[in-house]
Amino acid sequence: MSPGQLAFDLPHRAALGVEDFLVSECNLAAVRMVDAWPDWQEPAQVLVGPAASGKTHLVRVWQERSGAEALDPRGLDVASFDARPAGSSLVAEDVDRAGFDDRTLFHLLNLAREKQFSVLMTARISPNRWPFALPDLLSRLSSIRVTEIGAPDEALLRTVMLKHFSDRQLSIEPKVLDFLALRIERSLVAAAEAVDAVDRAALRSGRKISRQLVAEALGGGSADGLSRRN
């Protein structure tokens, strides 16, 4: 590939199996919560974490184990819950921003107790900040157990980026990976965006991934002058 050649958006698939989830201190509590099913002390659980923190990955792992059905807030009604058999497993993702109806969600949580549904809900923010107004629902949400995924540590950032490069069938030297990890925000979103930027820069230029390429991809220009972003 010659310098300046156009880079095409080729598809790459992230592995989402249970063995592919990267466990660290920041997400250990969430992993233990998923692993504890079906012996949850409460039928409904909330998993909270920032974007790209691994919530969806853990949901898919739990769905494989439980056979849980993912709920779509569009067209969802009370009757659809009443028709489900006792012991059903259900997933409601992005409850804080997906448009779930107050009364329908309240009915689901009631049935979780009455019919022993297993319900896993995910969100980016805690339930006390969800955009609902029904007092009974707010009261019910205040008593639900919440498990949070925290900010990743440096080791996890490096491992996640290495996995992203591997998913794209790209290789990167350990010293270059360390250089990259020290120059991005401490979030998994930033890690994914950095890998994407480096991938695009490598495709455009036809060069191997190096400290200089990383610096250029992140907009720093020089490998010597680039510092961590805040």
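The values are calculated or read from the model by the stated rules, or taken from the named source; none is laboratory data. Everything numeric here is computed off the predicted structure, so don't read it as measured data. Heads up, the Cβs are rebuilt from the backbone with ideal geometry, glycines too, and the neighbour counts pull from every protein chain shown.
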Considering residues of region 82-102 that are more than 30 Å from residue 161 (Cβ to Cβ) and loosely packed, with under 14 Cβ neighbours inside 10 Å only, the residue nearest to the chain's Cα centre (by Cα): 99
Residue that is surrounded by the most Cβ atoms within 10 Å (Cβ to Cβ), among those in region 183-198 that are in contact (Cβ under 8 Å) with a residue 40 or more places away in the chain and charged (D, E, K, R): 183
Residue match in region 46-63 (condition: surrounded by 12 or more Cβ atoms within 10 Å (Cβ to Cβ) and more than 30 Å from residue 168 (Cβ to Cβ)): yes
Filter result for the condition that a residue is more than 18 Å from residue 34 (Cα to Cα), surrounded by fewer than 18 Cβ atoms within 10 Å (Cβ to Cβ) and touching a residue at least 12 places away in the same chain (Cβ under 8 Å), over 79, 70, 133: 133
Helices (runs of 4 or more DSSP H) completely within region 111-230 that count 3 or more residues being under 30 Å from residue 100 (Cα atoms): 135-142, 188-205
Selection status of residue 199, under 30 Å from residue 104 (Cβ atoms), modelled with pLDDT of 95 or more and of a type in the set (D, E, K, R): no
Residue count for region 116-165, restricted to those that are acidic (Asp, Glu) and on the phi > 0 side of the Ramachandran plot: 0
Residue match in region 183-190 (condition: among the small types (Gly, Ala, Ser), in contact with a Pro (Cβ under 9 Å, 6 or more places away or on another chain) and at pLDDT 90 or above): no
Residue match in region 142-154 (condition: touching a Phe, Trp or Tyr at 6+ places or on another chain (Cβ under 8 Å), within 22 Å of residue 78 (Cβ to Cβ) and surrounded by 16 or more Cβ atoms within 10 Å (Cβ to Cβ)): no
Residues of region 17-76 that turn out to be of a type in the set (Ser, Thr, Tyr) and not in a helix (DSSP H, G or I), as a count: 2
